[in-house]
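Chemist: Please see the structure below; I have some questions.
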Amino acid sequence: MKKIILILVIFLGVSACKVNPFTGKKMLNMYPNSQIFPTAFAQYDQFLTENKAVTGTSEARMITTVGQRIATAAERWLTANGYPGYLKDYKWEYNLVQDEAVNAWCMPGGKIVFYTGILPICQGETGVAVVMGHEVAHALADHGAQRMSAGTFQQLGAVAGNVLIKDQQTLNTFNQAYGIGSQVGVMLPFSRGHETEADRIGLQIMAIAGYNPDEAAELWKRMKANSGGNAPPEFMSTHPSNDTRIANLTAWAPLAKEEAAKFGVTSFK
């Protein structure tokens, strides 16, 4: 049984690697688009039947316009960097939903929702582009599939421990320590890494789309003010702290402008 578990883990680890086109690094992903996308599309359609989409307004049109520009910029970058056809299975869709939550998200395959509650923080089209670039970056980098893959390995670790450990007291200690340790030590840092990666990719894409990347840090300053300081310590959170994000985005903005210049974009909204 021990050998079977070890072989299974090794096999899954080796077979689950895929190169992230934006970083050039291998990433853990054992769920192909053909498996993930249909489920995501169905969930998105279901969400729209249960929530009020805003249509026909200038704000709704802005969400679509920005989304299309970000998607086009992403495709330009991917094609120029040796990934033509990377987005062929994506079905881009942009909806503004009536909800006071300060939130937005993009499902695998390009299905996007902005809540009306985030628009005052965005303060216009460039702010929307900051958020849109970040959310689209999650989908481009397969973060959803990576989280599912990491969750599978987390479960395999728990199963392995319960199979291999025979002493009940030791098993109880293992389960408690493994649950806390794998969450705080592995899963939360994994999620924070995704957020940081999406910030950087999103900044680059929004700049190629013609939006000023300097606005990203300003938006997160407004996010910080809106939160009123009510955030958990960074090591206990799925997201980097506001201060960390502001510092990162400030440092990366000039690099995003340099990347945009490769595509002939030198002035920004």
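Chemist: Taking a cut-off of 14 Å between Cα atoms, list the aspartates and glutamates near Lys25, but don't count ones fewer than 8 places away on the same chain.
Modeler: Partners within reach: Asp142, Glu197.
Chemist: Can you tell me how much longer the chain between Gln46 and Ala261 gets when fully stretched, taken as 0.36 nm per residue apart minus their C-alpha distance, in nm with one decimal?
Modeler: 73.4 nm
Chemist: Right, another one. Using the per-residue mean of other Cβ atoms lying within 10 Å as a proxy for protection, in what order, highest first, do the peptides 98-104, 203-209, 240-246 fall?
Modeler: Descending mean neighbour count gives 203-209, 240-246, 98-104.
Chemist: Ranking request for peptides 256-269, 46-59: highest mean number of other beta-carbon atoms within 10 Å first, then the rest in descending order.
Modeler: Final packing ranking: 256-269, 46-59.
Chemist: How much length is gained if the chain between Ser34 and Lys221 is pulled fully straight, taking 0.36 nm per residue apart and subtracting their Cα-Cα distance, in nm to one decimal?
Modeler: Value of the extension gain: 63.5 nm.
Read the figures in this text as sums done on the coordinates, not as results from a lab. These numbers were taken from a predicted model, which means no experiment stands behind them. FYI the Cβ positions are ideal-geometry reconstructions off the backbone, even for glycines, and counts take in every protein chain you see.
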